[in-house]
Every structure is written in structure tokens, then in C-alpha cells.
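A quick write-up on the structure given underneath.
The values are calculated or read from the model by the stated rules, or taken from the named source; none is laboratory data. Just so it is clear, the structure is predicted and the values come from calculations on it, not from any experiment. A quick note on method: Cβ atoms are made from the backbone with ideal geometry, for glycine too, and the neighbour counts reach across all protein chains shown. Keep in mind that these areas ignore ligands, DNA and RNA; they rest on the heavy atoms of the full protein, side chains included. Shrake-Rupley method; radii C 1.70, N 1.55, O 1.52, S 1.80 Å.
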Amino acid sequence: MGSGRRRRTTIVAGVVAGAVLATGIGLWATDSWPFRDSYCWGAWEQNSGASFLGDDALGKSGSERASTESAAPSAAHPRGTCTVYVTSEIEDDDSDEPLTFKESVTLEYGPVPAAAKDRRDWLAHFFHGSASPLPDGLDGLVAADRAMLVLPSKCDKGGAATVVTIRSESTGDGHLGKVAMPFSIGTRPDVGRMLLDAANTGMEKAGCASAQPLRTSSPMVTVAERDVRAESPLCRIPGVTFDFGEGSRYYQQVGAVTEGLQTCSVVWKTLRMPDEPSAQYVMTNRPRMADLFRGLPEGSAQGLVRLRCDGRPTVFYGHVETGLKGRGRPDDRRVFDSFVDSVSKRIGCGDKSGSGEDA
């Protein structure tokens, strides 16, 4: 090769390398792939939809986003957890120490809790009346601050259903101590996308992914945008009546009312505290959702019965926490029975002698 040709080749190579370097710098400066940060075994990327993953979440002073994660789910160990969090701080006019804030989103892959109390707490959180059911045959619920999906049966382990969940948490810490606060991850469609991205990634890691990734194209069922003060009958269901007492701060959140799912939650409103149910009622005839209630004590007195409704095995569930326990009128069991009677008539259960049938 002549010296002139070698010189031209060197110049061309230098130009190409410079162009690649310049392109890479441009992509990095605009947070474009492949320079975006990714989280939770690659399930999520920054600026990929939900506001929590975007630049708006970093708008406070000194904001930083980071994550921690366990080993990814695998066929041998189909469990995993990951938390993405944003920390920030601002000056506190009443103290030399700044106010610190932490907003976090935790993803979990694995079975539901086995112990009855832990399971009830789990059901209260993810079957909250604020959540909309996922469309297109997917067995899940999505709200602005939480989401849950039951995976296909090929992902079951030891006969137990595998679920993917997302939940948010926010705290402020200053001279008055740490305070929990409500926190929205993003819009329902954005949180639903995060949930399905996490589910698809988890199934791939665990070796039970479907041929086609889980996706939705239909709109979600609309639920009430905000809760309202609790009053009788509760949840617009005849016979579901409580004595809320004077100066009650109980509010109700009426959720989905479909052929396959009905939810309603009652919360005690506390300033700057997340709303977790004091009472909850659920009906579902979706088989994968019904599986989530297996192992809990059954019977009307226990707040869990199974009926066959229009040929479909159906679960009815009710649970009352300490604050409202014993305040049902005429009593808590009759309140649950009224819920079962009303909803079973709506969905065509007919004779309810099948109580206790295995769904």
C-alpha cells in the first residue's frame, strides 16, 4: 500500500472514530440508549414513562436516584426484590439540620405471604379500592401508588401462584421526626407499564416467560378518582352498615364493579399518612385472583366463602381491622353476609348453598 493511500485510510479512520465519539457524547448528554441508567435487573430505565423514573423526580435540591436489588429471580430461586429510591434535602427554618426526603418504589417477585395475618395485610394493600383491574385478560390491579399481577400458571412454584408487585413509600425526616407521606409513582397507565416490564423481565430470568411478552392495549376500568366520607350503606351495598361514631374520619373508596371483580375499602384518614384499609370487601371469580385467597380460614364467620356463580367458582372476602371490629350493624358477620347476598345476586349466583366450595 502506498504512503498516500495509508495516509487517506488513517484520516478516514480518524474521522469515523471522531464521529462515533461525538455521537456517544451526544447520546450520553441526552440520556439516550445505551447510556440511560437501568434498574431492577434491567426492567426499568430512566425517563422510560412514569414520572418517578423521569427528571421531574429529581427536581428537589440535592436529589439523587439510586437502587438496590437482590439476585434476579431464577428457576431454582424464583424470588427477587428491588428498590429504586430518590433522596433529597431542603433547609429547615426551625433547625440547623436540613429536612431530608426519601421516595422509593419497591418491586417484588415471588409468592404471596403464607401467614394469615401477613396475607390479609397483603390483600388489603393490593386489592385496595383505588386500584383499577388490568384489561385484556391479565389478572392484576393498578393504582397510582401500587400494582399487582398474578403470573401465568407456568410460573407457579410448589403449587403456589407467583405474583409481581410494586408499592411506593415516602418519608420526610426533620426536627419533628420521621413522617410517612402519600406518594404517587405516576399515572395508572405508566404504573401498569412498569408492572408489565417488571413481570416480563422476572419471567425471563426465572425461565417461565411466555412466547409473547405480556402487554395491554385496552383502557383500564375507571374507578372513583377520590374516596368519600363513609356512610351507610357502605360501598353502595345494601346491608353493609357500620356505626362509625361521632366525628368519624372514615372514608370509603369504591373500586371496580365488574362481572369478575368487585372491591371496596374503608380507611381512617390520618394527616400525612398512607391510606390502608380498616375494612375491605372483595369478590372475584377470576381463577388466578381466587388462588390468592387459598390457605385463609373459610366460612362466613371468617369472612371468606366460595360459591359457584353462573358456573364460575367465586370468592367473597371481607375483613375488618381493630378500629371497626365489632361495629357492624347488627354485627360484623351479618354485614359480610349482606355483602355476599347483594353481590351474588348481581352476578347470578342463585342458590348460595355452595358456600365453602373449593374454588
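So the values come out like this:
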read-out	value
Single residue of the stretch 220-240 satisfying the filter (over 28 Å from residue 83 (Cα atoms) and touching a helix residue (DSSP H, G or I) at 6+ places or on another chain (Cβ under 9 Å)) that is most open to solvent (accessible area, probe 1.4 Å)	238
The stretch 45-81: number of residues that are assigned to a loop (DSSP other than H, G, I, E, B) and among the basic types (Lys, Arg)	2
Segments classed as strands (runs of 3 or more DSSP E), wholly inside the stretch 82-194, with at least 2 members that are open to solvent by less than 10 Å² (accessible area, probe 1.4 Å) and modelled with pLDDT of 95 or more	99-111, 140-142, 146-150, 162-174
Test: residue 13 is open to solvent by 50 Å² or more (accessible area, probe 1.4 Å) and at pLDDT 90 or above	no
Some residue of the stretch 212-235 being over 30 Å from residue 88 (Cα atoms), assigned to a helix (DSSP H, G or I) and over 20 Å from the mean Cα position of the chain (by Cα)	yes
Selected residue [closer than 23 Å to residue 125 by Cβ and modelled with pLDDT under 90] from 262, 302, 280, 252	252
Subset of the stretch 104-142 that is of a type in the set (S, T, N, Q) and closer than 21 Å to residue 79 by Cα - its residue that is farthest from the chain's Cα centre (by Cα)	104
Where residue 205 falls short, out of the listed (1) part of a strand (DSSP E or B); (2) at pLDDT 95 or above; (3) open to solvent by 60 Å² or more (accessible area, probe 1.4 Å)	(1)
Members of the stretch 287-330 that are out of contact with any Leu (no Cβ under 8 Å at 6 or more places or on another chain), assigned to a loop (DSSP other than H, G, I, E, B) and open to solvent by 10 Å² or more (accessible area, probe 1.4 Å)	294, 295, 310, 311, 321, 322, 323, 325, 326, 327, 329, 330
